1. What per residue convex hull volume, in Å³, do the alpha-carbon atoms of the stretch 153-207 yield?
2. Spin-label point model (7 Å from Cα, Cβ direction): what's the F331 to S46 distance in nm?
3. Let me know the charge dipole size of the chain about its Cα centre in debye, to the nearest 20, where only the beta-carbon of Lys, Arg (+1) and Asp, Glu (-1) is charged.
4. What shape does the stretch 266-325 have by the C-alpha gyration tensor, where a ≥ b ≥ c are the square roots of the eigenvalues, rounded means a/c under 1.5, and otherwise prolate means a/b greater than b/c and oblate the rest?
5. Taking the Cα centroid of the stretch 43-106 and of the stretch 122-138, what is the distance between the two, rounded to the nearest whole Å?
6. Counting only helical runs of four or more DSSP H residues, what would the 222 nm mean residue ellipticity of the chain come to if each run contributes -39,500 (n - 2.57) and the total is spread over all its residues?
7. Taking the mean number of other Cβ atoms within 10 Å as a proxy for protection, how do you rank 375-381, 37-43, 124-130 from highest to lowest?
8. Where a Cα-Cα gap under 28 Å defines reach, which lysines qualify for K336, not counting those fewer than 8 residues away within the same chain?
Amino acid sequence: MRPRILGAAASVAALGLLGSLLAACGSSDSGDGTTLRMVAAEYGDSPATSSKAYWDKLTAAFSAAHPGKKVEVTLYPWADVDREVTRLVKEGNAPDVALMGAYSDFAAEGRLYAAGDLLSIKAEANFLRPLAEAGSVDDTLYGLPFVASSRLLFYNEELFDKAGAEPPKTWSDLKDAAEELKKEDVLYPYALPLGPEEAHAEALIWELSNGGGYAGGSGGYSIASEQNTQTFRWIKDNLVGPGLTGPVLPAELNRQDAFDAFLRGDVGMLNGYPSLLHQARAKGMKVGTLSMPVSDTLRGGQALPSAGVADWMMAFKHDDNRDLVASFLEFVYEDKNLNEFAGRYHLLPSTVSASQASKDAASDPGNAQFLNALRNAELYPVNEPSWLQVSNTIKRNIGKAVAPSADPKAVLDGIAQEVQDIAKQR
């Protein structure tokens with residue numbers, strides 16, 4: 001999952017050396033129906049955690065079960081994988097399968113197999129509903145969700161106990177807790193990472209908690225809606241202005257820096273996903289998790305979606321590769337294989353059966369809470385062909401909406417205009 005809402009789905013940095021660890025795309029005799037070329041994002045942050053070990057094991061097992069067939073996997077860092085796959089496609093050398101953070105631009109160009117061309121009806125129906133909806137264009141599934149995550153509000157229980165703060169249910173509760181934490185000299189009462197690494201994730205979490213979001217009601221985008229404008233105005237006036245978001249301006253605070261500060265005990269509250277909870281527990285931290293507090297203006301009891309992220313498996317059309325790709329993907333999405341990858345990186349599997357079979361989810365209440373949130377999640381509008389460019393625009397600019405001298409409406413209007421120009425070019 002892209003470091004992102006891991007994007008998406010992994011949250012760890014990748015290694016530049018990994019392209020040389022595995023066979024490079026284009027080096028094989030692919031196209032003969034016996035060799036499948038796959039390009040995938042690297043989810044690990046060191047040789048010890050590299051995804052190479054997983055793919056080596058899985059592809060060896062696949063070849064053993066399908067004599068005469070082989071799979072070559074090339075890994076790229078998350079920062080490079082989208083660009084590298086795009087380059088290969090433009091050169092006429094698209095891989096058979098890719099695992100990355102976006103798919104819809106290739107689907108719009110007619111380059112991808114639909115899920116119905118590759119998977120059994122049972123396998124296609126097995127994807128979790130919000131993920132399948134996000135992976136579909138015009139009701140046809142092209143982006144096969146692989147692993148996913150949802151976001152919950154984390155709070156440091158020891159800091160809360162010391163400050164006498166209560167876990168928040170509404171925005172005003174969150175402000176009250178942040179004020180109590182600040183009195184105890186907590187460096188970041190609420191960490192607000194709106195820096196360019198993953199600002200679009202934090203922004204979406206807040207927008208959803210006020211009934212807003214990125215997607216328009218009938219397709220397209222709704223960046224500068226009244227709800228979104230209200231959201232950023234509230235954040236600016238009630239958190240940033242009073243100094244409750246810490247010493248770094250939100251537009252300059254990246255997600256990983258916020259996570260690192262949380263693990264050092266310098267953050268009272270922030271939004272996080274399963275891998276951060278695992279890291280915190282490994283350090284012996286006492287961490288509470290809850291759904292994102294909602295705007296005080298919403299009617300009581302109104303159910304709002306959480307923010308979710310998925311990473312996408314996609315299959316490119318080539319002569320004579322359909323049967324091999326279909327066999328490989330059916331193998332990849334077997335419960336044991338999907339759960340092994342998800343468990344390795346503390347992410348959530350994308351299918352109903354794998355979720356039910358997941359030992360982690362069954363034994364860990366924290367994982368179960370993330371899984372429950374995912375079932376009601378709203379994802380980025382990844383089925384919009386322009387989303388990759390749009391998300392980059394949001395990441396670069398959305399933090400400006402809460403700057404001390406900013407007019408949130410003017411900033412959002414500016415982003416909306418740029419997004420409209422991008423969408424027109426598609």
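The values are calculated or read from the model by the stated rules, or taken from the named source; none is laboratory data. The shown structure was predicted, so the numbers you read here are calculated from the model rather than taken from an experiment. Glycine gets a Cβ as well: all are built from the backbone with ideal geometry, and neighbour counts include every protein chain shown. Heavy atoms of the whole protein, side chains included, go into the accessibility calculation; ligands, DNA and RNA do not. Shrake-Rupley method; radii C 1.70, N 1.55, O 1.52, S 1.80 Å.
1. Working: hull volume 4.5 nm³, N = 55.
So the per-residue Cα hull volume is 82 Å³.
2. About 3.1 nm, to one decimal.
3. On the way: 39 positive and 55 negative charges, 50 e Å.
Taking the Cα centre of the chain as origin, the dipole is about 240 debye.
4. In terms of gyration-tensor shape, oblate.
5. Cα centroid of the stretch 43-106 versus Cα centroid of the stretch 122-138: 21 Å apart.
6. Taken over the chain, the calculation gives -11500 deg cm²/dmol.
7. Values: 375-381: 21.6, 37-43: 26.3, 124-130: 18.7.
Result, highest mean Cβ count within 10 Å first: 37-43, 375-381, 124-130.
8. By straight Cα distance, K336 reaches K52, K57, K69, K70, K122, K317, K359.
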